[in-house]
Amino acid sequence: MARKKRKIPAPQKRVRILVVIAILLILINVYNISKLIIIANNREKAKNLNTAEVTGSENITAEEIEQNAEERELEGLKDADERTRIQQYCGTFIRHIENGEYDKAYDLLYPDFKNNYFKTLEDFTKYVQEKFPSDLILVSYDNIERQGQYYILFTTITSPLQPDYSMEERFFFVENDFNDFKVSFEVKQ
């Protein structure tokens, strides 16, 4: 005996479809809300972890911070190629000049160069203040050559705050070890 299919009236069919859609939407919303709760909890855990790290590191001294920075810089230099290292040395020298730390820049000068051109820190400071920009210094590294133990770095020095300023400068570097270098440069008259 064949069963007869019972026909569902159209309004009941629509109600069933709407109920199924409503249940699906509820399930999707519950899923999204649970994901948001998990994300919020993870952020809170990360925030608490960072706060604990900061609180635990409040006793770090300035010397320890500087030592850590120097160690990271040294590790970076060991992984770098010659050109990158020499450019970084040049950047260090220029940064000292830019920040008005003339004594630190003066200490980086090659001894014979220092004796020939800048016997005193005052001589060096006067020269730098006359020839280099007094504010923001930009260095374009044009070329590098190596002659024995010497690196010659060809640069163009500019300043965005002095649009008419431009100086081509050759720097000469001797690298004794990683981050142990001496510099000299072409003195302009």
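So how much accessible area does Phe154 have, in Å² to the nearest 10, using a 1.4 Å probe?
Here the residue's solvent-accessible area equals roughly 50 Å².
Count charges around Phe171 for me, please; just the other residues with Cβ under 12 Å from its Cβ, Lys/Arg as +1, Asp/Glu as -1.
Details: positive: Arg170, Lys182; negative: Asp142, Glu145, Glu168, Glu169, Glu186.
Counting the neighbours of Phe171, the net charge comes to -3.
For the stretch 100-115, what does the Karplus curve 6.51 cos²θ - 1.76 cosθ + 1.60, with θ = phi - 60°, yield as ³J(HN,Hα) per residue in whole Hz, taken in order and with x for Gly and Pro?
In residue order, the calculated couplings are x, 8, 5, 5, 5, 5, 4, 5, 7, 6, 5, x, 5, 4, 4, 5 Hz.
Taking 0.36 nm per residue of sequence separation and subtracting the Cα-Cα distance, how much length would be gained by fully extending the chain between Asn41 and Glu70, in nm to one decimal? Please report the intermediate quantities before stating the final value.
Working: separation 29, 0.36 × 29 = 10.44 nm, distance 3.67 nm.
Roughly 6.8 nm would be gained on extension.
Taking only protein heavy atoms into account and a 1.4 Å probe, give the accessible area per residue of the chain in Å². Could the numbers behind the result be given before it?
On the way: 13900 Å² over 189 residues.
Value for the chain: 74 Å² per residue.
At 7 Å along Cα-to-Cβ for each site, give me the label-to-label distance between Thr92 and Val15 in nm.
8.3
Between Asp79 and Tyr150, how high is the FRET efficiency from 1/(1 + (r/R0)^6) when r is the Cβ-Cβ distance and R₀ = 22 Å? Nearest 0.05. Don't skip to the end; give the middle numbers.
Working: r = 23 Å, r/R0 = 1.04.
The value I calculate is 0.45.
For the stretch 65-189, how many pairs of lysine residues have a Cα-Cα distance under 30 Å, where the two are 8 or more positions apart or belong to different chains?
Here the count comes out as 20.
What number, in percent, do you get for the relative contact order of the stretch 82-185 if the mean sequence gap of Cα pairs under 8 Å and at least 6 apart is divided by its residue count? Numbers along the way, then the final one.
Working: 139 pairs, mean separation 24.5, N = 104.
Across the stretch 82-185, relative contact order equals 24 percent.
With a 1.4 Å probe and all protein chains left in place, how much of the accessible area of the chain comes from carbon and sulfur atoms, in whole percent? Let's see the in-between values first.
Values: 7440 of 13900 Å².
Reported share for carbon and sulfur atoms: 54 percent.
In deg cm²/dmol and to the nearest 500, what is the mean residue ellipticity at 222 nm of the chain if only DSSP H runs of at least 4 residues count, each as -39500 (n - 2.57), divided by the residue total?
Details: 6 runs with 106 residues, N = 189.
Result for the chain, helices only: -19000 deg cm²/dmol.
Can you give the extra length, in nm with one decimal, that the chain gains between Asn29 and Gln162 once fully stretched, where that is 0.36 nm per residue apart less the Cα-Cα distance? Please report the intermediate quantities before stating the final value.
Numbers: separation 133, 0.36 × 133 = 47.88 nm, distance 5.88 nm.
Computed gain between Asn29 and Gln162 is 42.0 nm.
So how much slack lies between Phe172 and Ala22, counting 0.36 nm per residue of separation and subtracting their Cα-Cα distance, in nm? Present the calculation step by step, with values, prior to reporting the outcome.
Details: separation 150, 0.36 × 150 = 54.00 nm, distance 7.59 nm.
This chain segment gains 46.4 nm when fully extended.
The values are calculated or read from the model by the stated rules, or taken from the named source; none is laboratory data. Treat the numbers as computed from the prediction; the structure is a model and nothing was measured. Every residue, glycine as well, gets a Cβ built from its backbone with ideal geometry; the counts of neighbours run over all protein chains shown. Please note that ligands, DNA and RNA were not included when accessible areas were found on the heavy atoms of the full protein model with its side chains. Shrake-Rupley method; radii C 1.70, N 1.55, O 1.52, S 1.80 Å.
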